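Comments concern the structure below.
The values are calculated or read from the model by the stated rules, or taken from the named source; none is laboratory data. What you see is a predicted model, and the numbers here were worked out from it, not measured in a lab. Positions of Cβ are generated from backbone atoms using ideal geometry, with glycine treated the same way; all protein chains shown enter the neighbour counts. With ligands, DNA and RNA removed, areas are computed over all heavy atoms of the protein, side chains included. Shrake-Rupley method; radii C 1.70, N 1.55, O 1.52, S 1.80 Å.
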Amino acid sequence: QVQLVESGGGSVQPGGSLRLSCAASGSIFSIYSLGWYRQAPGKQRALVAVINSGGSTSYADSVKGRFTISRDNAKNTVYLQMNSLKPEDTAVYYCNARVPGADYWGQGTQVTVSS
């Protein structure tokens, strides 16, 4: 079992920045990737960014160049730095931990980008 606790959501104006954090606990030795997904009203949950145990990263095309995913292994925490935010980035953001045979999810944190 893996537990994930997210923090850092909120409201920001277009062009602003936010940083999301996700602290993992439990069977963290089995995690081979950590990622962020988002779900906007009326839409399916979609991948935003992922980082694997080797440090390789992957991003959705819509956030490339604006968002950065990173991890602090000593703190068992993954971060999502979001810059140049746009109204279309508004969504509930979920942290994901992938282990062999299972996915674990955080509770979600709301990000609202509006003037």
query: Is one or more of the residues making up the stretch 16-37 of a type outside the set (Ser, Thr, Tyr), free of Cβ contacts under 8 Å to residues at least 40 places away in the same chain, open to solvent by less than 70 Å² (accessible area, probe 1.4 Å) and more than 30 Å from Ser115 (Cβ to Cβ)?
result: yes
- line: Filtering the stretch 6-34 down to residues that are among the small types (Gly, Ala, Ser) and touching a Pro at 6+ places or on another chain (Cβ under 9 Å) yields Ser30
field: Looking only at the stretch 1-15, and only at residues there that are open to solvent by 30 Å² or more (accessible area, probe 1.4 Å) and either in a strand (DSSP E or B) or charged (D, E, K, R) (or both), the one that is nearest to Asp89 (Cα to Cα)
entry: Ser11
